[in-house]
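The values are calculated or read from the model by the stated rules, or taken from the named source; none is laboratory data. No experiment lies behind these values; they were computed from the predicted model shown. Glycine also receives a Cβ, built like all others from the backbone with ideal geometry; neighbour counts cover every protein chain displayed. Side chains included, ligands, DNA and RNA excluded: accessible areas come from the protein's heavy atoms. Shrake-Rupley method; radii C 1.70, N 1.55, O 1.52, S 1.80 Å.
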Amino acid sequence: MTKPTFAQLLRRRFNNLVRLDQLGVPDETIKQALRKTEMDGLPFIYGSFGIMFWVYAAIQQYLLHEIGQATMVAVAVGSGAFLLIGFFMLLRGVVASKYAERVTAVVATVILFTVLLRFFFNPNLNQSGNLALFMFGIGVMFTSLHWYIFMQAVALAAWVYIFGFHPEDSEWLYFAVMIFVATFTGLVAYGVRLHALRQAEIFRFVEQRQRKELVERTMQQQTSYAVGQRITSILELDNLLTQIATLISQQYDAYYVGVFLPNKTRLAITAVAEAGSGVPQNGLQLRAGLKGLVGWVLANGRPLCIDDITRDFRYEADEKAPNAQSEILLPLKMAEKVLGVLDLQSDKLGGFTTSEIPNFQLLADQVAIALENAQLYAEIKQFNQQLEQKVAERTQALQEAYGRLERLDKTKTDFITIASHEMRTPLTIVNFNAQMLLDDDEILANSYHKKWVEGINRGALRMEEVVQSMLDVAKIDSSSLELYLAPVDLPFLLKQVGNRFKEALAQRNITLQRGELANLPEVEADVEALQKVFYQILMNAIKYTPDGGTVQLDGRFHPQPEPGEVEIIISDSGIGIALEIQELIFEKFYQTGEVMLHSSGKTSFKGGGAGLGLAIARGIVEAHNGRIWAESEGHDEDLLPGSQFHIVLPVKQPQE
Ligand code: ADP
């Protein structure tokens, strides 16, 4: 880097001095600020010159003895008094700052007058030195070039006037140079001072502007944050928009804040939320529709900032709050779609500036998100309501169907009850008569007759069993099954029941195995009812196991829940049960056996039954507060997966 030359240095400095970056501050603003600064300094100039004049009067009176002393002293005292009065008046701010230059001119004129008066009494050449001093001094007093030049001209005229007294004196040349130097240095002082002052004002203004922007931004952030919070916590659209409008009106101290939304056809716009002191009693009733300012923003999707509403060509009479003067309108946009308009109105002219648009648009964008959210929420809510209604309708239909089924079931149970009761009497007669015939020696003597009568007897007994089952089912259905509780030794009971199938087991070559049963505790139960349960399960196990198979009995004790439960498992090596019907088989009349086989023996392989056995078993077990279920890998007549029936009974019945 080469060192800058002297000329370069000089040029750089001069350029710095001349080229002042106004940083976007308007010239008029700087001028006003300068006048204000000048005005702020003036009381002190008046005050200090006032005192100086009095000191000068004292010096004149007691130290100097010049011609015209009395007049000079009087003028100095008067000038001092005048300036001191000016000092107090200026201090109280009675003069507007736009008169700053004139007030400065007044003090300058007072000083110039004294300088000239002194010269008038002492027409001495070197008095023009005072004038030179004055000419330099005014360079740092004015901020307006016109006034400065005017005062400078007055001073020069005075000097020319003095020159008129002694035109022939050679010292004039010396004083002329002095006057020139004073004028020149005064001009430089004026320029440098003004430049510094202007720069200070610009900086001050820029700093104020930045501070204002910072405050605005902070406020915008705060509002935005608060709006955001509401968006996430409030889902009802009207409530949310009202809260947002209130928040904005509070934060920005806005006269009127409105959120406008179009109707479905977009032909009319309504204020859905309003806040601020300017909201009329019934809110803004926008009849202008798409015509006014709000309509324009809605149609164009662009913001508007208006200094004087009524002078805008788009303005329609019904779209402003009573005293509103200026307005800022922002589109509520979501992916290019304009959902509505956020409208802020001020009761002052020019209440908003275009520079505020980005800030407010940010808020408007948030409101748009809120709108979108709330609309989605409303849709979901409506959908939910429809869904709920449908569910309610279906539930009612189901309930009705259930009621019908229940009534049907009741009819069935009633039928079973009546039928079984009705069948019982003739059955007893048939039984009795068959028994009588079996006791008759003549019948027994004839082998044919004997066989037929035995057949009648077997059939009647079987029928009695079926009728008994029907009665049991009817009792279970009508919850009128009565239990006579007593301690029951389950292994013993199982043994007894097993013995009843001795013949059948031998016939079918099926082995009945007993597993661990010895250590089971007694259970509190109705022994006869339990007998029926095990009889039924065991009978099924034999019935659905092919010849040569096995039936196994096992038992376990579960200490939990207190005081414990006993589980009996009856397994067979039979045809198994398909998974999908393992629950269904406990329904009454449910059976998979073929009807054709129903008349076959009750323990013959796959011999039919009425489909009541398991329904009765479950009814009895549940009446004992127990559980019964079937387990099987499935139904397969070749692979024979077998089935297990589990019966769990509590050791003690709960106290009623
Ligand atoms: P059913 O009088 O027809 O035997 P149940 O109520 O006793 O009536 O049984 C209902 C159905 O459950 C039977 O038709 C049969 O299909 C099935 N079932 C019951 N026990 C067994 C078993 N141990 N093995 C295979 N299937 C069985």
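If the condition is being open to solvent by less than 70 Å² (accessible area, probe 1.4 Å) and more than 13 Å from residue 256 (Cα to Cα), then the range 310-330 contributes 312, 314, 315, 316, 318, 330. Condition first: of a type in the set (Lys, Arg), within 18 Å of residue 367 (Cβ to Cβ), open to solvent by 10 Å² or more (accessible area, probe 1.4 Å) and assigned by TED's automatic domain parsing to the domain that holds residue 349. Can you find one or more residues in the range 289-309 that meet it? Yes, the range 289-309 contains at least one residue that is of a type in the set (Lys, Arg), within 18 Å of residue 367 (Cβ to Cβ), open to solvent by 10 Å² or more (accessible area, probe 1.4 Å) and assigned by TED's automatic domain parsing to the domain that holds residue 349. Residues considered: 150, 136. Of these, the only one that is in contact with a Gly (Cβ under 7 Å, 6 or more places away or on another chain), in a helix (DSSP H, G or I) and free of Cβ contacts under 8 Å to residues at least 60 places away in the same chain is 136. Whenever a residue of the range 491-518 is of a type outside the set (A, V, I, L, M), its partners that are modelled with pLDDT under 95 and open to solvent by 70 Å² or more (accessible area, probe 1.4 Å), lying with C-beta atoms within less than 6 angstrom and at least six residues away or across chains, give the pairs 508/547; 509/547.
The sole residue among 87, 120 that is at pLDDT below 90 and more than 60 Å from the chain's Cα centre (by Cα) is 120. For the criterion of being over 60 Å from the mean Cα position of the chain (by Cα) and of a type outside the set (A, V, I, L, M), residue 528 passes. Pick from the range 567-587 the residues that are of a type in the set (D, E, K, R) and more than 8 Å from the ligand (Cβ to nearest atom): which of them is modelled with the lowest pLDDT? Once the filter is applied, the top-ranked residue is 587. When only residues in the range 90-103 that are under 23 Å from residue 149 (Cα atoms) and crowded, with 17+ Cβ neighbours inside 10 Å count, which is modelled with the lowest pLDDT? Filtering the range 90-103 for residues that are under 23 Å from residue 149 (Cα atoms) and crowded, with 17+ Cβ neighbours inside 10 Å, the one modelled with the lowest pLDDT comes out as 97.
Just the residues that are open to solvent by 60 Å² or more (accessible area, probe 1.4 Å) and polar (S, T, N, Q), please, taken from the range 203-239. Scanning the range 203-239 gives 208, 210, 218, 221, 222, 229, 232, 233, 239. Residue 247 meets each of the listed conditions (1) in a strand (DSSP E or B); (2) open to solvent by less than 50 Å² (accessible area, probe 1.4 Å); (3) closer than 26 Å to residue 229 by Cα apart from (1). Evaluation of residue 408 against the conditions (1) within 27 Å of the chain's Cα centre (by Cα); (2) over 16 Å from residue 258 (Cβ atoms) shows that the sole unmet condition is (1). Out of curiosity, is residue 269 under 15 Å from residue 366 (Cβ atoms) and either crowded, with 17+ Cβ neighbours inside 10 Å or aromatic (Phe, Trp, Tyr) (or both)? The answer is no for residue 269. Note on the range 267-326: residues that are assigned to a loop (DSSP other than H, G, I, E, B) and among the aliphatic types (A, V, I, L, M) amount to 8. Against the test of being open to solvent by 30 Å² or more (accessible area, probe 1.4 Å), under 23 Å from the mean Cα position of the chain (by Cα) and more than 15 Å from residue 223 (Cβ to Cβ), the options 333, 348 yield a single qualifying residue, 333. The residues in the range 211-236 that are part of a helix (DSSP H, G or I), β-branched (Val, Ile, Thr) and in contact with a Leu (Cβ under 8 Å, 6 or more places away or on another chain) can be counted, and the count is 3. Meeting the requirement of 3 or more residues that are of a type outside the set (Gly, Ala, Ser) and touching a helix residue (DSSP H, G or I) at 6+ places or on another chain (Cβ under 9 Å), the helices (runs of 4 or more DSSP H) wholly within the range 452-557 are 490-499, 527-543. Return a yes/no flag: does the range 474-491 have any residue that is within 15 Å of the ligand (Cβ to nearest atom) and open to solvent by 30 Å² or more (accessible area, probe 1.4 Å). Scanning the range 474-491 turns up at least one residue that is within 15 Å of the ligand (Cβ to nearest atom) and open to solvent by 30 Å² or more (accessible area, probe 1.4 Å). Residues in the range 251-266 that are in contact with a helix residue (DSSP H, G or I) (Cβ under 9 Å, 6 or more places away or on another chain) and over 15 Å from residue 368 (Cα atoms): 251, 252, 254, 255, 256, 257, 266.
Note on the range 138-156: among residues that are hydrophobic (A, V, I, L, M, F, W, C) and open to solvent by 60 Å² or more (accessible area, probe 1.4 Å), the one that is farthest from residue 111 (Cα to Cα) is 145. The residues on offer are 626, 619, and the sole one that is open to solvent by less than 20 Å² (accessible area, probe 1.4 Å), farther than 29 Å from residue 463 by Cα and either more than 8 Å from the ligand (Cβ to nearest atom) or not assigned by TED's automatic domain parsing to the domain that holds residue 490 (or both) is 626.
Just one of the listed residues (53, 87, 82, 113) is under 26 Å from residue 159 (Cβ atoms) and either in a loop (DSSP other than H, G, I, E, B) or touching a residue at least 40 places away in the same chain (Cβ under 8 Å) (or both), and it is 53. Here residue 523 does not qualify as more than 15 Å from the ligand (Cβ to nearest atom), in contact (Cβ under 8 Å) with a residue 12 or more places away in the chain and either within 60 Å of the chain's Cα centre (by Cα) or surrounded by fewer than 20 Cβ atoms within 10 Å (Cβ to Cβ) (or both).
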